[in-house]
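The values are calculated or read from the model by the stated rules, or taken from the named source; none is laboratory data. This one's a predicted model, so the numbers in the text were calculated from it and none came from an experiment. Every residue, glycine as well, gets a Cβ built from its backbone with ideal geometry; the counts of neighbours run over all protein chains shown. Surface areas here come from the heavy atoms of the whole protein model, side chains and all, with no ligands, DNA or RNA. Shrake-Rupley method; radii C 1.70, N 1.55, O 1.52, S 1.80 Å.
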Amino acid sequence: MTAETFYVTTPIYYVNDKPHLGHVYTTIVADVVARHHRLKGDDTFFLTGVDEHAAKVSDRAAEQGLSAQQWADQNAAAFSDVFERLEMTNDDFVRTSSHRHKDNVTAYVRTLLDSGDVYAGQYEGWYDAGQEEYVPENKAAGNGYKSEVTGKPLVRKKEKNYFFKLTAYRDELLTLLERHEVVNGCRFDVQPTARRNEIINRIKEAEDVPISRTGAGGWGIPVPGDAEQTIYVWIDALFNYLTYVDTDDRRKYWQAGAVHFIAKDILWFHAAIWPALILALRKCPGFDAWHEGEPLALPKLVYSHSYWVSETGEKMSKSLGNFLDPQAIDNYVNVFGLDALRYFLATRGPLGVSDSAFSEDLFVDVYNSDLANTFGNSCSRVTKMIGKYLGGKIPDLTTEDTAKWSGFVEQLHLRYEASFATLELSDAAGEGRTLIRQVDSHIDETAPFKLAKDESKLPEVATILLTCAEALRIASVLLWPFIPDACEVFWSRIGCGHYTRALAAGGSGDLAQWVKWGQLQPGTAIEIGEALFPRYQPK
Ligand code: ME8
């Protein structure tokens, strides 16, 4: 299979406050997906970062007696620190106050002013200050003129604005979404399907959207040619996906079709306004032949997940104050390890249309059942028996007919790929667990610990343990995107440290080769080491 070029992003997070579990969640999901692509050998680019030019950032800064930039600097550092501690493999970190972002946004908006897709007008209507979002009359009325997200009253606004001609792209967008296949060289999709349907209905009623505001006090990017007006923070922010890859060596990532992970709160911007802005740009001079003679591509997919909610069912958020903050997240990492946090969030999180309740009890259950009792236990059982019965070395190839196991693994690998393709991360991880359970059953059925009492049966014991070690090696390759640290430790114990070296620092792997049966090297000394996931006893 030839390697693909792959581009994945998270929202850029507001720096009005510190990061919380919701931010960590989407970033971990994107990281798992990015790692999966690197594992396959794809040329992968993963982008995350922060959204600085919000009024709530300058308001919070003023409360603290700081300039907006100082407050943004502090919180941007908090986000990049958390992501670094969580070993996120993002290839860059967006800051919307950076020159490269601001200069590109200015150029894009100028292009749209020139083409007539951005024009001057007057806005009168409702505004959700917490979400920095204009709310259409019917939606505002439907929610009792309160914010759908924060529950705070909406504000009535009347101001001069620049508008984006969303209506000019409505039909094209609807066709793309309804057909979700290539139409006139473009393809764009929204998942899950329920979210796609929701957005199709809303686009049908879409009007032109205001894309500037006044009174930003110099915090933001001025509308080119009108210093009174600041580019609306949402337009500024959406462009990050393009500004950070608008360089000679990165345009290929954009052209490959971005995969944007977001939560359902910001679907409208990503699934309607963003692709429409790209449709508008791609017909303008410079963008009609943007990279290697091809026009600017559309994003491939907006994946809108649901929310982590508290045990009582409320959305976890900064404004509600019920989020897990960096300290609480660190506590989980200190007790259970980073892999456990990644694994829990990626496999039990709100991908799809249902919210997920976060609870410590569930975390402990998942940790013990999926990690301690499954991967951890199986690895230590097998390596210990190799130590005890086979002198601690991978045996020479034995008499076993491996067709059954290699066929089983091939099927499992296909299902794993299919799950990643539809972003069913829990199912993908489940394939790794299925293989481990197969190892456990094999040990229970063949009982190598009993056979080993009879010296003449040692070749049989060697066959069984080699089979188990091979299967665990493959399971660890499949699980690496979820629990990279444990897999890398295991690889070093079974003589596969070259996988770690290949994948280090954004490098690429060779999944197709690594999942082939029969890669362990006979004679390799096995290291037993400590439990990868010690069982947790709740106090
Ligand atoms: O909206 N459960 O930033 P933001 C799951 N700056 N995910 C959650 C969550 C929860 N309870 N709470 C937050 C913004 N998230 C804009 C985005 S993008 C061009 C601009 C995650 O700081 C989820 O990914 O409010 C959600 O979309 C994002 O944080 C919102 O982060």
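Out of all the residues in segment 130-159, which are among the hydrophobic types (A, V, I, L, M, F, W, C), open to solvent by less than 50 Å² (accessible area, probe 1.4 Å) and touching a residue at least 12 places away in the same chain (Cβ under 8 Å)?
Scanning segment 130-159 gives V135, A140, V149, L154.
Which of the following residues is open to solvent by 10 Å² or more (accessible area, probe 1.4 Å) and under 21 Å from V24 (Cβ atoms): F358, F363?
Being open to solvent by 10 Å² or more (accessible area, probe 1.4 Å) and under 21 Å from V24 (Cβ atoms) holds for just one of F358, F363, which is F358.
State yes or no: is D226 closer than 19 Å to A280 by Cα, assigned by TED's automatic domain parsing to the domain that holds Y108, more than 15 Å from the ligand (Cβ to nearest atom) and open to solvent by less than 60 Å² (accessible area, probe 1.4 Å)?
No; evaluated as a whole, the condition is false for this residue.
For D236, indicate whether it is at pLDDT below 95 and either near the ligand (Cβ under 10 Å from one of its atoms) or out of contact with any His (no Cβ under 8 Å at 6 or more places or on another chain) (or both).
For D236, the condition - at pLDDT below 95 and either near the ligand (Cβ under 10 Å from one of its atoms) or out of contact with any His (no Cβ under 8 Å at 6 or more places or on another chain) (or both) - is not met.
How about segment 469-514: which of its residues are closer than 28 Å to G391 by Cα and either touching a His at 6+ places or on another chain (Cβ under 6 Å) or of a type in the set (K, R) (or both)?
Result: R473, R493, R501.
Checking the conditions here, which among V183, V190 is in the same structural domain as A297 (by TED's automatic domain parsing) and crowded, with 19+ Cβ neighbours inside 10 Å?
Being in the same structural domain as A297 (by TED's automatic domain parsing) and crowded, with 19+ Cβ neighbours inside 10 Å holds for just one of V183, V190, which is V190.
Could you check segment 366-485 for helices (runs of 4 or more DSSP H) lying wholly inside it with 2 or more residues that are closer than 27 Å to G337 by Cβ?
Here the list reads 377-389, 403-421, 425-446, 458-479.
Would you point out which residue out of Y145, Y169 is within 24 Å of V118 (Cα to Cα) and among the hydroxyl-bearing types (S, T, Y)? Spell out the reasoning first.
Working: Y145 fails: within 24 Å of V118 (Cα to Cα).
Of Y145, Y169, the one residue that is within 24 Å of V118 (Cα to Cα) and among the hydroxyl-bearing types (S, T, Y) is Y169.
Restricting to segment 1-45, and then to whatever is within 14 Å of the ligand (Cβ to nearest atom) and part of a strand (DSSP E or B), can you tell me which residue is nearest to G257 (Cα to Cα)?
Checking each candidate, the answer is V8.
Does A55 satisfy being within 16 Å of the ligand (Cβ to nearest atom), modelled with pLDDT under 95 and among the small types (G, A, S)? Show your work before the answer.
Details: within 16 Å of the ligand (Cβ to nearest atom): yes; modelled with pLDDT under 95: yes; among the small types (G, A, S): yes.
Criteria met by A55.
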